[in-house]
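Below you'll find the structure, written out as structure tokens, and then a few comments.
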Amino acid sequence: MSLLVTGGAGFIGSNFIRRVAPKSSEPVVVLDALTYAGNLSSLDGVDGFTFVKGDICDRDLLGRVLAEHAIDRIVHFAAESHVDRSIHGPAQFIQTNVVGTATLLEAARAHGVLKFVHVSTDEVYGDLGPDEPAFTEETPIRPRSPYSASKAGSDHLVRAYFETYGFPMVITRCSNNYGPFQFPEKLIPLMILNALDGQRLPVYGDGLNVRDWIHVKDHCAAVERVLQEGRSGEVYNIGGRAERTNISIVKEILRLLQKPESLIQFVQDRLGHDRRYAIDCTKIERELGFVPQHRFENGLAETIEWFRQNDVWCKRARSGEYRDWYERNYRGRKDAPK
Ligand code: NAD
Ligand code: TYD
């Protein structure tokens, strides 16, 4: 009996593997296609897992992996995850997030897995006005970007498998994550690295869009709780109770790094830019006893410190050099992960 984690070389997936693999009594298998967002060096020094390089759209590979490793539980992180990229090219998002999830679901159903945790996002609920109440699990799905629409499509498929086949699934919908190993295309790592380099910090529109931030370690702790105790057929919202405007975060990063606010550059707004996300996570608190441990201001300061201290990881991530990592480390070796 083993646990399969898809997307385990990405930002949240690698933090999850760091949390669960070393202490796991069951074998842990990471399946990741190593797209631009997958970085095996984020798992350097972590014990207790087997890596398989592969695509969730590959039905034959999935069948083999599930059978060979006797997989009985799956946590599904693999996805295209960046809204700006989805605006420039929706097709890859539909392929990975919708077709990939559908392929994984079918393989998991055929194999008879006992638990499937589908990691989704609060962005499927759409956006909120300044005074509207936070999203609950009952809020209607109303995605507004190609990214969130593709995630909503995958959520619908997962739910349909439960209703139709009694498939043992749980969906989590989390707010914006920040923390170690986040790819520097997302707001917080991009602003930290630009500020450290003395480069401009591009803030979209008026900078007053609001996101509800959670430390990645809190998100991973919540997913672990859901894997252990989440009820089949349920949706659990996960959030950090930390609504902040983008501009306040950017200013706080500059303050902590003692850099001037003149580095801020207001740039053209993102198309269809969601104004506000806010998540009501009462259900997971009440049912599973999950409470986030990180206060945003402390977590942000720790994250800045992490990016400062891990300049090799950052340089590789920015230059794309990490993409050769697999080849350089495993070329021709018998023990190369397949
Ligand atoms: P990420 O982009 O950092 O990582 C995605 C990982 O999936 C990468 O390792 C990539 O190589 C892998 N992958 C992509 N396509 C694949 C495919 N076809 N087959 C196998 N692997 C593939 O993403 P992240 O920020 O770690 O997000 C992980 C999950 O959490 C996603 O499903 C995302 O929608 C969800 N989520 C993210 C956030 C956030 O703030 N980052 C918030 C809520 C939910
Ligand atoms: P992002 O990290 O891309 O996450 P998401 O779009 O999934 O919420 O962006 C967070 C917020 O920061 C969002 O309102 C867009 C804004 N943003 C900027 O202002 N400048 C940037 O360079 C980026 C990447 C994001």
Exercise for the section: Would you point out the residue of the stretch 239-288, among those that are hydroxyl-bearing (Ser, Thr, Tyr) and free of Cβ contacts under 8 Å to residues at least 24 places away in the same chain, that is least open to solvent (accessible area, probe 1.4 Å)? Expected result: 248
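Results for (1) modelled with pLDDT under 95; (2) more than 12 Å from ligand 1 (Cβ to nearest atom); (3) over 27 Å from residue 282 (Cα atoms), shown as yes or no for each residue.
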{"residue": "96", "(1), (2), (3)": "no, no, yes"}
{"residue": "99", "(1), (2), (3)": "no, no, yes"}
{"residue": "107", "(1), (2), (3)": "no, yes, yes"}
{"residue": "119", "(1), (2), (3)": "no, no, no"}
{"residue": "123", "(1), (2), (3)": "no, no, no"}
{"residue": "132", "(1), (2), (3)": "no, yes, no"}
{"residue": "148", "(1), (2), (3)": "no, no, no"}
{"residue": "151", "(1), (2), (3)": "no, no, no"}
{"residue": "156", "(1), (2), (3)": "no, yes, no"}
Fill in the blank from the handout: Sole miss for residue 182 among (1) closer than 30 Å to residue 59 by Cβ; (2) within 11 Å of ligand 1 (Cβ to nearest atom) is condition (1)
Exercise for the section: Return the residue satisfying two criteria in turn: it lies in the stretch 35-78 and is farther than 22 Å from residue 105 by Cβ and of a type in the set (A, V, I, L, M), and of such residues it is farthest from ligand 1 (Cβ to nearest atom). Expected result: 46
Exercise for the section: Provide a single number: the residues in the stretch 95-130 that are within 15 Å of residue 151 (Cβ to Cβ) and part of a helix (DSSP H, G or I). Expected result: 14
Handout entry: Filter result for residue 296 (aromatic (Phe, Trp, Tyr), closer than 21 Å to residue 36 by Cβ and modelled with pLDDT of 95 or more)
Key = no
Completion exercise
Among the residues of the stretch 1-42, the number that are of a type in the set (Ser, Thr, Tyr), touching a Ser or Thr at 6+ places or on another chain (Cβ under 7 Å) and over 22 Å from residue 178 (Cβ atoms) is 0
Exercise for the section: Being within 16 Å of ligand 1 (Cβ to nearest atom) and open to solvent by 10 Å² or more (accessible area, probe 1.4 Å) is the filter; apply it to the stretch 166-179 and report the residue that is nearest to residue 11 (Cα to Cα). Expected result: 177
Exercise for the section: Please find, within the stretch 189-208, the residue that is most open to solvent (accessible area, probe 1.4 Å) out of those that are near ligand 2 (Cβ under 7 Å from one of its atoms) and in contact with a strand residue (DSSP E or B) (Cβ under 7 Å, 6 or more places away or on another chain). Expected result: 204
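The values are calculated or read from the model by the stated rules, or taken from the named source; none is laboratory data. Owing to the predicted nature of the structure, the values given are computational and were not obtained by experimental measurement. Don't worry about glycine lacking a Cβ; one is built from the backbone with ideal geometry, like all the others, and counts go over all protein chains shown. To get the accessible areas, we keep the full protein, side chains included, count just its heavy atoms, and leave off ligands, DNA and RNA. Shrake-Rupley method; radii C 1.70, N 1.55, O 1.52, S 1.80 Å.
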